[in-house]
Amino acid sequence: MANILIKITSAVGIAGRIIRPGETVEVDGPLARNLLHRGKAELATATMPVTLEDGESITALEE
């Protein structure tokens, strides 16, 4: 399953790291679905800054 960009709305632990509200992260499909269903995240928009797994920040662009 593909990775999905989500914006965290409530603090959660992902891969041993605390992700705070407002951070945008890339996660796998099942985790994204779980967090979205529980109200812990929302889908990222095309212009939100993104924090990649390696800590690098970029801005997602519309395709």
request  = Considering only the stretch 12-46, state which residues are surrounded by 11 or more Cβ atoms within 10 Å (Cβ to Cβ), under 16 Å from Ala2 (Cα atoms) and of a type outside the set (A, V, I, L, M, F, W, C).
outcome  = Glu26, Asp28, Gly29, Arg33, Asn34
remark   = Residue pairs qualifying under the 7 Å Cβ cut-off, at least six apart or on distinct chains, with the first in the stretch 1-14 being free of Cβ contacts under 8 Å to residues at least 60 places away in the same chain and the second being of a type in the set (Gly, Ala, Ser) and part of a strand (DSSP E or B), are Ile6/Ala41; Lys7/Ala41; Ile8/Ala41; Thr9/Ala41
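Computed from the coordinates by the stated procedures, all read-outs in this text should not be read as laboratory data. Everything numeric in this text was worked out from a predicted model, so none of it was measured. Note: ideal-geometry Cβ built from the backbone for every residue, glycine included; neighbour counts use all protein chains shown.
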